[in-house]
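Here is the structure we will look at.
The values are calculated or read from the model by the stated rules, or taken from the named source; none is laboratory data. Treat the numbers as computed from the prediction; the structure is a model and nothing was measured. Positions of Cβ are backbone-derived with ideal geometry, glycine not excepted, and every protein chain shown enters the neighbour counts. With ligands, DNA and RNA removed, areas are computed over all heavy atoms of the protein, side chains included. Shrake-Rupley method; radii C 1.70, N 1.55, O 1.52, S 1.80 Å.
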Amino acid sequence: MTALKTAVIGGGAWGTALACASRRAGSDVILWARNAQVVEDINEGRGNPLYLPDTRLDAGIRATGNMEEALTAAEVILLVVPSQHMRKVAEEMAPFVAGKAIALCCKGVEQSTGALMHEVAQEVMPEAHMAILSGPTFASEVAIGLPTAVTVASRHEVSRDLIMKAIAAPTFRPYPTDDLVGAEIGGAVKNVLAIACGIVTGRELGENARAALVTRGLAEVMRLGEKLGAKPETLMSLCGLGDLALTCNSPQSRNMSFGIELGKGRSVETILGERRAVTEGVWSAASVTDLARKWGVDMPICDAVNHIVTEGADIGETIRQLLNRPFRGQD
């Protein structure tokens, strides 16, 4: 049987990990990266030390800096770039993707428009078939083949099945849905909530506080998802509750570790200046909050994080304001 040809667009940790997963599933994989050093490291050194150190890459994973080369023969495309860069990269991809299956593997809401990632992609690449790949995933674990499960959401069943075939293996299990909105909302909001959980940990406010925050954060996800038309069962699945549980409970999460450092009193600028990888929740805080306001959805935790990371609000005072909110039901 001829191997599927999979293109991974994005040479960061998650793109590299998905290249490993797709290769493990039997696909021929080509990875596009803008960084020439990443391309050289993958092709010559069989690794990506800039973003995923200590991970050996299979010889069947090849890298290129040429978008046309990456996409022309591809049957499945995994788009793995930061959410705020997605539109620009999609515009570069557009001439080469008509009729092809594309899985969007980034999590966020576009700041300039308030659009979800599939809405941006459909606008820029209208002739392609869009899907969302999301779920509780740490790149380092996926890269070495530890057991992982994800959601693949698409309204185009043939493309969804093709994407699942390109990544599925005993240790990487995709579950299908047609709920694009539900698959996206959990992933976008959980990054903001993970910063909040990190702040709780950094300020040593205790496990009770973090458990309460995760639970009330899930309520915010459910309220926004319901308003936008997501299915409740999607929000309670891998790409919602599962992703929230992972990201809010491990310092391995970039967003939680960022929040921990904030909670210890370090500045946003200092923390970001030490990082090579993008901390999505910093950028999603404003866009998620704006989206909630647009739809009249109460999301006090996300709003508080936005005040801290975007507007420089005092963390202690922001926590006091949250704790002094009027008592209400659990919805």
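Subtracting the Cα-Cα distance of Gln321 and Arg276 from 0.36 nm times their residue separation leaves 12.9 nm of extension gain.
Here's how it looks for Arg173: its modeled amide H is under 5 Å from those of Thr148, Ala149, Val150, which are all 5 or more places away or on a different chain. In the stretch 150-184, which residues have a backbone nitrogen under 13 Å from the label point lying 7 Å from Glu233's Cα in the Cα-to-Cβ direction? Those under the cut-off are 176-179. Membrane-span-like helices in the chain, defined here as complete DSSP H runs extending at least 27 Å along the helix axis by their C-alpha atoms with mean Kyte-Doolittle hydropathy no lower than -1.0, are 180-202, 207-228; this is a sequence and geometry rule, not a statement about a membrane. In this structure the stretch 95-171 gives 38 Å² per residue of accessible area when probed at 1.4 Å with all protein chains present.
When exposed loop sites are taken as trypsin sites (Lys or Arg not before Pro) in a DSSP loop with at most 16 other Cβ atoms within 10 Å, the longest stretch of the chain clear of them is 156-263. Once you order the gyration tensor axes a ≥ b ≥ c over the Cα atoms, which shape class does the stretch 113-215 get: rounded for a/c under 1.5, otherwise prolate or oblate by comparing a/b with b/c? Taking the square roots of the gyration eigenvalues as a ≥ b ≥ c, the stretch 113-215 is oblate. Per residue, the accessible area of the stretch 194-311 comes to 43 Å², computed with a 1.4 Å probe over protein heavy atoms only. This model, with +1 at the C-beta of Lys and Arg and -1 at the C-beta of Asp and Glu, gives the chain a dipole about its Cα centre of some 500 debye.
Farthest towards the positive end of the charge dipole of the stretch 209-249, among the residues Leu238, Cys248, Ala209, is the Cα of Ala209, using unit charges on the Cβ of Lys, Arg, Asp and Glu. Cross-link check: pairs Lys100/Lys231; Lys107/Lys227; Lys88/Lys165 evaluated at a Cα-Cα cut-off of 23 Å; pairs beyond the cut-off: Lys100/Lys231; Lys88/Lys165. Simple spin-label estimate for Trp295 and Glu69 gives 4.2 nm between the two label positions (7 Å along the Cα-to-Cβ direction from each Cα). Highest average first, the peptides 255-262, 108-115, 12-19 ordered by how many other beta carbon atoms sit within 10 Å of their residues are 12-19, 255-262, 108-115.
Taking the Cα centre of the stretch 47-139 as reference, the dipole from Cβ charges on Lys and Arg (+1) and Asp and Glu (-1) amounts to some 220 debye.
Here Glu233 sits with roughly 120 square angstrom of accessible surface, probe radius 1.4 Å. Here the dipole of the stretch 180-227 is about 80 debye; that uses its Cα centre as origin and unit charges on the Cβ of Lys and Arg (positive) and Asp and Glu (negative).
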